[in-house]
Amino acid sequence: MTNATETRAFEAEVSQVLHLVTHSLYSHKEIFLRELVSNASDACDKLRFAALSDASLTADGADLRIDISFDKDARTLTIQDSGIGMTRAEVIENVGTIARSGTRRFLESLSGDARKDTQLIGQFGVGFYSAFIVADRVTMVTRKAGTAASEGVRWESSGTGEYTLETVDAPQRGTRVTLHLKPDEDEFLDGWKLRDLVKRYSDHVAFPIRMPVQKDGKPTDEFETVNHAAALWTRPKAEITDEEYQAFYKSLSHDYNDAMAWSHNRVEGSQSYTSLLYVPEKAPFDAVFSGRDERQGLKLYIRRVFIMDASEQLLPAYLRFVRGVVDSDDLPLNVSREILQDNRLVAQIRSACVKRTLDLLEKTAKDEPEKYQQFTGAFGNVLKEGVAEDGANRERIARLLRFASTHGDDARKTVALDDYIGRMQAGQDVIWYVTADSHAAAKGSPQIEGLRAKGVEVLLLSDRIDEWMIGYLGEYAGKKLRNAAKGELDVADGADKERREKAAEEAKPVIEKLAAALGDRVGEVRVSHRLTESPSCIVLGEYDMALHMQRLLREAGHEVPDSKPTLEINPAHVLVQRFAAEADAGRSDDLASLLFEEAQLAAGDQLADPAAFIARMNRLLTA
């Protein structure tokens, strides 16, 4: 055996590939530590597995661990493991060729239960070279378990297309990777920074990750474990207490409150993965108010190594309040392991996460209605987005929503659509609702007076999202949903219907007079079957946008198509009768405008000329 240093060229057009790895492949440079720790974890896992059939491999010590140390003076960062190590030939094969993964080859050699028992992470070849993002030179010393100390291998490269190999004495088995950091990478010589990165990316690696104990801001020779070294979600559910679940939720979400509920599942088969999903009881600071596309909810791990945060691929936006973990045995990532590739397996996990979350919400709504009420107060509006965005689960999501209604006296949203259907009158086949920009406006809406007089329950929708959401919910459980302020409405029957038809016939003169006075401000004037107390109300077409929503859109700078509303009147009201009897043209016009503008205000619209309205009102009051 020779100790001569050998210089070899990389394979696979390494100069171009190395440039890609160090400049383009990773969006966050600290990822390099995750990759190197993952490689070290793989090496420990390989040795643990190999030692099951050859105990002599761990004759020099069965302790499997990963040590991270740094030297500020030498500007070096070292990651050392007590794993399987490599021979000279393996170094050339696995490290000398970009994107050649010894780990992947090892996995491919396994089958059956052996595959399930391994905890390998993969992608050794490219991940190793992420070190050159922060280092201008990397030195690796490695010795294969079961070989003599004299058979160590020293590998070194500046990432420029060549590397050197040298046989050296290596008293300890395993691999030691030393990064000679670039001048502007001082942050990776900070013990607290390194601990934070370990906790963020590798906290649940199954082997102890140790770092020197710091005293007076300097590292000592004593080491301490800085990761949990065990993933709670990998343990059987029967062995985990509620207190442990809650403690993990708080560490995961940084929420001071307990989770409302959680779902812990292990899926075996062609694709194996574990999911642990939490639903918060109250809204954490970033749960709702962070951007829909910048959410940080579901953490993706592959064999306990953190891959992604804010994983939009695994949860739809309307479930962005969910916190949790998905740990897959294998998922297709791009070469940097940062971006999840979209494929059938990802779609299956996403579908399962959605189903389990909705199952969890349904169970909580049924078994703990008071707790669920608190949840809907915090996240109800977010959940409503799913009615529009998830057609496959639209009815399930609608079942989970809660609304205020005329059945209650307060503004609390406690009514489920199933509750409404259970209280429907005999012969009623429509779920009635009205939208407004406040609960008081919805409750006092003149358009629902006739329904209330008949004892028909009306849902009161006053959240800004409601008008948009309800447009996607045409029916529920076979019952049509109808806006009481839109389209034709006739709740009269029998003698009452005959009386109303007679009143409408008698009101033709006042209708013609009012239509003439209002001119092109309205599309039609007609007798109302909605009103019992108010003199007038605005009625829109079935597919017209509510007036309060039109106002909000205009205020936001959006163009809203002009449409002429229908004005319905109550001929029995004293104000309408006064208009009908008014002979003075000026006062008649004032009364006509007042009937229209009152209806506009009640519908949430904004008057074009408030000053003229006030002057008109004053004239009528002082006449």
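The values are calculated or read from the model by the stated rules, or taken from the named source; none is laboratory data. Quick caveat, the model's predicted, so the values are computed rather than measured. Virtual Cβ from ideal backbone geometry, glycine too; neighbours counted across all protein chains shown. Accessible surface areas use protein heavy atoms only, side chains included; no ligands, DNA or RNA. Shrake-Rupley method; radii C 1.70, N 1.55, O 1.52, S 1.80 Å.
Tabulated data
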item	result
Residue count, the range 548-574 (criterion: in a loop (DSSP other than H, G, I, E, B) and either open to solvent by less than 50 Å² (accessible area, probe 1.4 Å) or hydrophobic (A, V, I, L, M, F, W, C) (or both))	7
Cβ pairs under 7 Å, 6+ apart, first in the range 48-59 and among the polar types (S, T, N, Q), second open to solvent by 30 Å² or more (accessible area, probe 1.4 Å)	Ser56/Gly146
Some residue of the range 590-602 being in a loop (DSSP other than H, G, I, E, B), open to solvent by 70 Å² or more (accessible area, probe 1.4 Å) and touching a helix residue (DSSP H, G or I) at 6+ places or on another chain (Cβ under 9 Å)	no
Out of Ile349, Ile307, sole residue that is within 25 Å of Ser202 (Cα to Cα), in a strand (DSSP E or B) and modelled with pLDDT under 95	Ile307
Among residues of the range 25-59, those that are among the hydroxyl-bearing types (Ser, Thr, Tyr), part of a loop (DSSP other than H, G, I, E, B) and either open to solvent by less than 30 Å² (accessible area, probe 1.4 Å) or touching a strand residue (DSSP E or B) at 6+ places or on another chain (Cβ under 9 Å) (or both), counted	1
Residues being over 14 Å from Glu35 (Cβ atoms) and not in a helix (DSSP H, G or I) - total across the range 179-196	7
Top-ranked residue in the range 414-441 [being modelled with pLDDT under 95 and surrounded by 19 or more Cβ atoms within 10 Å (Cβ to Cβ); ranked as nearest to Arg464 (Cα to Cα)]	Asp437
Members of the range 155-178 found to be open to solvent by less than 60 Å² (accessible area, probe 1.4 Å), in contact with a helix residue (DSSP H, G or I) (Cβ under 9 Å, 6 or more places away or on another chain) and among the charged types (D, E, K, R), listed by number	Arg173
Meets criteria (out of contact with any Pro (no Cβ under 8 Å at 6 or more places or on another chain), buried (at least 18 other Cβ atoms within 10 Å of the Cβ), among the basic types (Lys, Arg) and at pLDDT 95 or above) for Lys363	no
Scan of the range 603-612 for residues that are open to solvent by 70 Å² or more (accessible area, probe 1.4 Å) and touching a strand residue (DSSP E or B) at 6+ places or on another chain (Cβ under 7 Å), ordered by number	none
Where Tyr543 falls short, out of the listed (1) open to solvent by less than 20 Å² (accessible area, probe 1.4 Å); (2) of a type in the set (Phe, Trp, Tyr); (3) under 15 Å from Thr435 (Cβ atoms)	(1)
Cβ pairs under 8 Å, 6+ apart, first in the range 370-381 and open to solvent by less than 10 Å² (accessible area, probe 1.4 Å), second assigned to a helix (DSSP H, G or I)	Tyr372/Leu361; Tyr372/Thr364; Tyr372/Ala365; Phe375/Leu361; Phe375/Thr364
Residue check, Ser69 at pLDDT 90 or above and part of a helix (DSSP H, G or I)	no
Pairs with Cβ under 6 Å, 6+ apart, first in the range 478-492 and part of a strand (DSSP E or B), second acidic (Asp, Glu) and at pLDDT below 90	Lys486/Glu542
Unique match (being closer than 23 Å to Tyr372 by Cα, under 31 Å from the mean Cα position of the chain (by Cα) and not in a helix (DSSP H, G or I)) among Asp409, Asp463	Asp463
In the range 462-486, the residues that are surrounded by fewer than 17 Cβ atoms within 10 Å (Cβ to Cβ) and more than 23 Å from Gly444 (Cβ to Cβ)	Gly471, Tyr472, Gly474, Glu475, Ala477, Gly478, Lys479, Lys480
Counted residues, the range 299-329 - those being small (Gly, Ala, Ser) and free of Cβ contacts under 8 Å to residues at least 60 places away in the same chain	3
Positions within the range 60-83 being open to solvent by 20 Å² or more (accessible area, probe 1.4 Å) and among the aliphatic types (A, V, I, L, M), in sequence order	Ala62, Leu64, Ala74
Some residue of the range 197-213 being surrounded by 13 or more Cβ atoms within 10 Å (Cβ to Cβ), modelled with pLDDT of 90 or more, out of contact with any strand residue (DSSP E or B) (no Cβ under 9 Å at 6 or more places or on another chain) and in a helix (DSSP H, G or I)	yes
Some residue of the range 513-532 being open to solvent by less than 40 Å² (accessible area, probe 1.4 Å), more than 30 Å from Gly471 (Cβ to Cβ) and in contact (Cβ under 8 Å) with a residue 24 or more places away in the chain	yes
Filtered residues of the range 575-589 (kept if in a loop (DSSP other than H, G, I, E, B) and in contact with a helix residue (DSSP H, G or I) (Cβ under 8 Å, 6 or more places away or on another chain))	Glu582
